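Participant: Got a structure here, written out as structure tokens. Questions coming.
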Amino acid sequence: MELKKIKEMTEAELNVELKKKKHELFNLRFQHATGQLDNPIKLKDVKKQIARVKTIMREKELNAQKELKVGQG
């Protein structure tokens, strides 16, 4: 998934996407452990996607806090 699409998502959509990616990672790890995974690089890619989603979620959280402080001050 592209970074541009991730940045356009709402917080709820990001949570859903994060859950999907974590579930996908779980399945890939299971396949890897049983020797059924064709391409182990998929593990690395999914981990990066999870990190991207978490990063965007954190950025949005910090921006919301910043706007809240500016509105009060």
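The values are calculated or read from the model by the stated rules, or taken from the named source; none is laboratory data. Since the model is a prediction, treat every value here as computed from it, not as a measurement. Reconstructed Cβ throughout: ideal geometry from the backbone, glycine too, with neighbour counts over all protein chains shown. Note: areas computed on protein heavy atoms with side chains; ligands, DNA, RNA excluded. Shrake-Rupley method; radii C 1.70, N 1.55, O 1.52, S 1.80 Å.
Participant: Which members of region 23-44 meet the condition of being surrounded by 13 or more Cβ atoms within 10 Å (Cβ to Cβ), outside any loop (DSSP other than H, G, I, E, B) and not polar (S, T, N, Q)?
Facilitator: 24, 25, 28, 29, 32, 42, 43
Participant: Residue 14: assigned to a helix (DSSP H, G or I) and open to solvent by less than 90 Å² (accessible area, probe 1.4 Å), yes or no?
Facilitator: So residue 14 fits the description; yes.
Participant: Take residue 67 and decide whether it is assigned to a helix (DSSP H, G or I), out of contact with any Pro (no Cβ under 6 Å at 6 or more places or on another chain) and open to solvent by less than 100 Å² (accessible area, probe 1.4 Å).
Facilitator: no
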